[in-house]
Amino acid sequence: VLKSTGGIAGVTAEMVDSLSVKISENSKYTDEAVKSAEILLLTFTNIGKDIFPQATQATADLAARFKMDLSSASVMVGKALNDPIAGITALGRAGVQFSDDQKKVIKAMVETGDLAGAQNIILSELKMQTEGAAASQVTAWERVQKKFDNMKESLGTALLPTLDKLGTMMSDVLDNPQVQAALENLTKWLG
């Protein structure tokens, strides 16, 4: 997605990974699920790197508060931030309410080219109505388990090249005709 959008968001893969782990450790969602939601958010080209972390957290909180899946919440937040005038209607249907004054201000900001200002109003309202919802659904023990799982995943990823080389070496050794003959003789002897 970063390549297909030409990196317009200014977000790096490392930022996506880091944020997904952080949100995962403080929610019921896996880092893979959060990363999928982030990828959906990145398809909306009006979401820049300054807004992206807040949008990702808002997605997790919105999903938790209104018992939605992360993908649906991500699309809803993405649409609202990409096209604030039309997008706040969908948020309203989901349960996030905007006052008439907020709607007028958002419309005026968009019409005068202040998209960032409109996005900040939307994110502020999302924060006010949903902040902490994702974190409230995870226990302290689940947080510890997630940190441990992420540590195992990091360790496994770091060891993967070495294990791959070891597997190649073992395969080469076992493909050797002399080793195969020795194994056959050992099998016959044991039999």
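In whole Hz and in residue order, list the ³J(HN,Hα) couplings for segment 130-142 that follow from phi through the Karplus curve 6.51 cos²θ - 1.76 cosθ + 1.60, θ = phi - 60°; x for Gly and Pro.
Ordered by residue, 3J(HN,Hα) equals 10, 3, x, 4, 5, 5, 6, 9, 10, 8, 4, 5, 5 Hz.
When ligands, DNA and RNA are left out and all protein chains stay put, how many square angstrom of accessible area per residue does the chain have with a 1.4 Å probe? It would help to have the intermediate numbers written out before the result.
Values: 11350 Å² over 191 residues.
On a per-residue basis, the chain sits at 59 Å².
Once phi is turned into ³J(HN,Hα) by the Karplus curve 6.51 cos²θ - 1.76 cosθ + 1.60 with θ = phi - 60°, what whole-Hz value does each residue of segment 153-158 show in order, with x for glycine and proline?
4, 5, 5, x, 5, 5
At what distance in nm do the modelled label points of LYS103 and ALA158 sit from each other, each positioned 7 Å from its Cα along Cα→Cβ?
For LYS103 paired with ALA158, the spin-label model returns 5.4 nm.
Can you give me the angle between helix 84-94 and the longest principal axis of the chain, using Cα atoms only, in degrees from 0 to 90, rounded to the nearest 10?
Between helix and principal axis, roughly 70 degrees.
When the accessible area of segment 18-169 is computed with all protein chains present and a 1.4 Å probe, what percentage of it is carbon and sulfur? Each step should come with its number before you reach the end.
Details: 4830 of 8190 Å².
Roughly 59 percent, rounded to a whole number.
What is segment 82-145's relative contact order, in percent, from Cα pairs under 8 angstrom and six or more apart in sequence?
Answer for segment 82-145 is 31 percent.
Would you look at the GNM of the chain, springs on alpha carbons closer than 10 Å, and say which of LEU115, LEU81, LEU166 moves the most?
LEU166
Can you tell me which of GLY78, GLY48, GLY113 moves the most in a GNM of the chain? Springs connect C-alpha atoms under 10 Å apart.
Comparing GLY78, GLY48, GLY113 in a Gaussian network model of the chain, the most mobile one is GLY113.
May I ask for the angle, rounded to the nearest 10°, between helix 177-190 and the longest principal axis of the chain, with both axes built from Cα atoms and the value confined to 0 to 90°?
70 degrees
What angle, in degrees between 0 and 90 and rounded to the nearest 10, separates the Cα long axis of helix 31-42 from the longest principal axis of the Cα atoms of the chain?
The helix 31-42 is inclined about 50 degrees to the chain.
The values are calculated or read from the model by the stated rules, or taken from the named source; none is laboratory data. Everything numeric in this text was worked out from a predicted model, so none of it was measured. Neighbour counts run over all protein chains shown; Cβ positions are idealised from the backbone, glycine included. Areas reflect the complete protein model, heavy atoms only, side chains present, ligands, DNA and RNA absent. Shrake-Rupley method; radii C 1.70, N 1.55, O 1.52, S 1.80 Å.
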